[in-house]
Amino acid sequence: MKVLVVGSGGREHALCWKLAQSPLLAKLWCAPGNPGIAAVAECVPLAATAIPALVAFARDNGVGLVVAGPEAPLTLGLADACEAAGIPCFGPVAAAARLEGSKDFFKQVANAAGAPTARHATFDDAAAARAHIRAQGAPIVVKADGLAAGKGVVVATTVAEAEDAITEMMERGAHGEAGRRVVVEEFLDGEEVSFFALCDGARAIALAAAQDHKRVGEGDTGPNTGGMGAYSPAPAFTPALEAQVMQTCIQPVLAELERRGAPFRGVLFAGLMLTAEGPKLLEFNVRFGDPECQALMLRLESDLLPALLAAARGDLSGISLDWSAEPSLLVVMAAAGYPGPPRAGTRIGGLAAAAAVPGVQVFHAGTRAGEDGAVLAAGGRVLGIGARAPTLRAARDVAYAAVDALDWPDGFCRRDIGWRALG
Ligand code: AMP
Ligand code: GLY
């Protein structure tokens, strides 16, 4: 089997790392990839959003499975174009990827499916949105309807803050077209969990759960990021809760999408709030989480390739996956400035020393090759440094030992990844 992975982040490095271990793999490409991925796959200089070029490459090279890492190619129709070319694609068609591409669509589907989620109202008119906010009071949550690079959500603690968010999004165009329509929803209190399920259009298999660390600063302070670290499993997400979420969220939403003629093949990423009233959906993403995927791949014992292929082909019967009982933990190293504009092009030293720490796995997330073999920072989140170990504490110690072996004055990380589980 020849496989093309699309993307260039830590998630794609983890997927390539795991796929490269498959005895069924004949050839692995990654477009566009990064210098870390280049150690396990051949990188192809095609952008993740260059849909026709990606499909032409897959067709010309006999690719039997395309694996979409990020959401952007999916919302642009990568899976649709693969389907038209007769190539199985892991990741949903655009009509189903709307689940992530539009918060309003997500709400419509969740409500039609009877899946528990925050009460909401959708607005195209700023004055109406403000009136609703004043009537509801704070805390309240304002979300840009469309994709806004993870920055389209304001959890407002005061009415004024929520009204400001309306002004920014709807009137000042802070997120362009993505914020002209907003979803205003009830504030949910609880612990957050990322849960993943493999779907073939009709059936779903639970993968595993992880906990992300969204804020940039220790103690969950500062602005939101794409995620500064993760660990898996999430102790708060018990097997009973997992069964409940499969039954009340995943299965009904799959059925609803199928009913709408948009069957979902790929991985459903449920962002959940574990509230006092039970788990509620914050959102669905149509791809693996990043960094969660890196933590998950460190725990997956089974061959990933047949599972992704079965989901892409629409038949997961006969697939079951084994997970290590050992926990994994992953620390993100980011470039100074992140989540604002990160400083680019600084030289990352000590990568060999970090990789030599026993039990560690270093994933590249935002790197590029410099002259003379140097690895340079080329993004906000630059490295994912993780380990699996008999205890979460041991996994954490391995990861931070590797962090400390790096020689990269420009990089930073949170020192408290895992604190909820470790205390
Ligand atoms: P989302 O992109 O919808 O997952 O929102 C980004 C982050 O905002 C989430 O990870 C939560 O931390 C927070 N958030 C979103 N919706 C709510 C809500 N209804 N109540 C409380 N926090 C929320
Ligand atoms: N880490 C959260 C996400 O991938 O959206």
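The values are calculated or read from the model by the stated rules, or taken from the named source; none is laboratory data. If you're wondering where the values come from, they're calculated on a predicted model, not measured in any experiment. For neighbour counting, all protein chains shown are included, and Cβ atoms are generated from backbone atoms with ideal geometry for every residue, glycine included. Quick note on the areas: whole protein, heavy atoms, side chains included, nothing else; ligands and nucleic acids left out. Shrake-Rupley method; radii C 1.70, N 1.55, O 1.52, S 1.80 Å.
Of note:
- Cut-off of 10 Å, at most 12 other beta carbons, DSSP loop: longest stretch of the chain lacking such GluC sites (Glu not before Pro): 1-276
- The ellipsoid that matches the Cα gyration tensor of region 1-67 has semi-axes, each √(5λ) in whole angstrom, of 17, 15, 8, with the longest given first.
- Förster radius 35 Å - calculated FRET efficiency between Ala39 and Ala85, Cβ distance, rounded to 0.05: 0.75
- Scaling against 2.2 N^0.38 Å puts the C-alpha radius of gyration of the chain at 0.94.
- Simple label model, 7 Å out from Cα along Cβ direction - Glu218 to Ala276, nm: 3.2 nm
- Database note for the chain: Cys without another Cys beta carbon under 4.7 angstrom, Cys16, Cys30, Cys43, Cys199, Cys249, Cys293, Cys413.
- Counting protein heavy atoms only, region 220-274 has 58 percent of its accessible area on carbon and sulfur, 1.4 angstrom probe.
- Whole-Hz couplings from phi, Karplus 6.51/-1.76/1.60, listed for region 166-181; x for Gly and Pro: 4, 4, 4, 6, 8, 9, 9, x, 4, 10, x, 4, 4, x, 5, 10
- Sites listed here are chymotrypsin sites (Phe, Trp or Tyr not before Pro) in region 316-409 whose DSSP assignment is loop and whose Cβ has at most 16 other Cβ atoms within 10 Å, and the list is empty.
- On the principal axes of its alpha carbon atoms, region 330-423 extends 40, 29, 17 Å, with the longest extent given first.
- Counted charge near Val5, where neighbours are those whose Cβ lies closer than 14 Å (Asp, Glu -1; Lys, Arg +1): +2
- At the residue level, Thr122 shows approximately 50 square angstrom of accessible surface with a 1.4 angstrom probe and all protein chains present.
- Extension reserve of the Ala356-Ala135 stretch, reckoned as 0.36 nm per residue once the Cα distance is removed: 73.8 nm
- Calculated P(r) tail over 26 Å for region 21-131, as whole % of Cα pairs: 37 percent
- Counting only protein heavy atoms and a 1.4 Å probe, the chain has 38 square angstrom of accessible area per residue.
- Model label points for Ala47 and Ala26, set 7 angstrom from Cα along the Cα-to-Cβ axis, are 3.2 nm apart.
- Modelled spin labels at Thr167 and Ala325, positioned 7 Å past Cα toward Cβ, are 5.7 nm from each other.
- Rounded percent of accessible protein surface that carbon and sulfur make up, region 1-125, 1.4 Å probe: 54 percent
- Subset of Lys103/Lys280; Lys18/Lys151; Lys18/Lys143; Lys103/Lys214 violating a 23 Å alpha-carbon distance limit: Lys18/Lys151; Lys18/Lys143
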